[in-house]
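Below you'll find the structure, written out as structure tokens, and then a few comments.
None of the figures in this text is laboratory data; all of them are computed from the coordinates on show. As the structure is a computational prediction, the values presented were derived from the model and not from experiment. Cβ atoms come from the backbone with ideal geometry, glycine included; neighbour counts cover every protein chain shown.
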Amino acid sequence: MPTITVTRKSKANTARVWDLMSDFGAIDAFNPTLKESHLLDGSCEIGLGAERQCTLKDGKNYIHERVVDWQEGRSYRIEVFGGTMPMDNITAELAVAPEPQGSTLRMTMTYSPRWGLFGQLIDPVLLRPMMRHTMRKVIGGLAAKA
């Protein structure tokens with residue numbers, strides 16, 4: 001399973017970054033790849049078990065995410081349990097760590113490409129670069145908003 005990690009420094013302190021990150025249903029506030037996001041009916045607002053839908057910019061594609069690990073003030077990890085992504089077994093972690101003059105933001109994603117051998121062949125030349133680019137936009141949006 002491929003794993004991708006992107007990091008970025010921010011001048012914002014960890015508390016400010018965490019305030020944005022932890023508003024789980026409102027990731028569209030800093031994620032420029034989304035048209036909108038919202039909590040799913042019956043979901044808790046934050047923490048373990050929170051669930052959201054993220055609708056991509058095209059308005060057609062979406063993902064359903066569930067928090068599977070929550071480290072208050074530091075990170076959370078989600079699993080994708082539905083949607084239109086061309087991958088399976090997707091997990092992602094969004095994290096913030098203190099630095100002397102701000103913070104470091106980190107996003108890590110693990111997934112399995114769909115489509116068998118064809119998916120494995122296109123992963124390194126198409127999926128992985130596309131996901132890395134998307135993740136940089138997410139982290140960049142978080143840094144800019146913070």
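Looking at 43, 10, 37, 75 in this structure, which one is small (Gly, Ala, Ser), more than 30 Å from residue 117 (Cα to Cα) and in contact (Cβ under 8 Å) with a residue 60 or more places away in the chain?
Details: 43 fails: in contact (Cβ under 8 Å) with a residue 60 or more places away in the chain; 37 fails: in contact (Cβ under 8 Å) with a residue 60 or more places away in the chain; 75 fails: in contact (Cβ under 8 Å) with a residue 60 or more places away in the chain.
Matching residue, one of 43, 10, 37, 75: 10.
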Scan of the range 78-110 for residues that are in contact with a Lys or Arg (Cβ under 7 Å, 6 or more places away or on another chain) and either at positive phi or without any contact (Cβ under 8 Å) to a residue 12 or more places away in the chain (or both), ordered by number: 102
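Restrict the check to the range 124-132 and report whether at least one residue is farther than 20 Å from residue 31 by Cα and in contact with a strand residue (DSSP E or B) (Cβ under 6 Å, 6 or more places away or on another chain). Quick ask: steps written out before the conclusion?
Here is the first cut: in the range 124-132, the residues farther than 20 Å from residue 31 by Cα are 124-126.
If we keep only those that are in contact with a strand residue (DSSP E or B) (Cβ under 6 Å, 6 or more places away or on another chain) too, we end up with none.
There is no residue in the range 124-132 that is farther than 20 Å from residue 31 by Cα and in contact with a strand residue (DSSP E or B) (Cβ under 6 Å, 6 or more places away or on another chain).
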Candidates 56, 121 - the one that is farther than 18 Å from residue 22 by Cα, without any contact (Cβ under 8 Å) to a residue 40 or more places away in the chain, of a type in the set (A, V, I, L, M) and surrounded by 14 or more Cβ atoms within 10 Å (Cβ to Cβ): 56
Failed item, numbered, when residue 67 is tested on (1) touching a residue at least 24 places away in the same chain (Cβ under 8 Å); (2) loosely packed, with under 15 Cβ neighbours inside 10 Å; (3) under 21 Å from residue 111 (Cα atoms): (2)
Test for residue 48: is it under 16 Å from the mean Cα position of the chain (by Cα) and farther than 30 Å from residue 121 by Cβ: yes
For residue 3: the one exception among (1) surrounded by fewer than 14 Cβ atoms within 10 Å (Cβ to Cβ); (2) free of Cβ contacts under 8 Å to residues at least 40 places away in the same chain: (2)
Residue ID - farthest from residue 82 (Cα to Cα), chosen from residues in the range 1-39 that are in a strand (DSSP E or B) and basic (Lys, Arg): 9
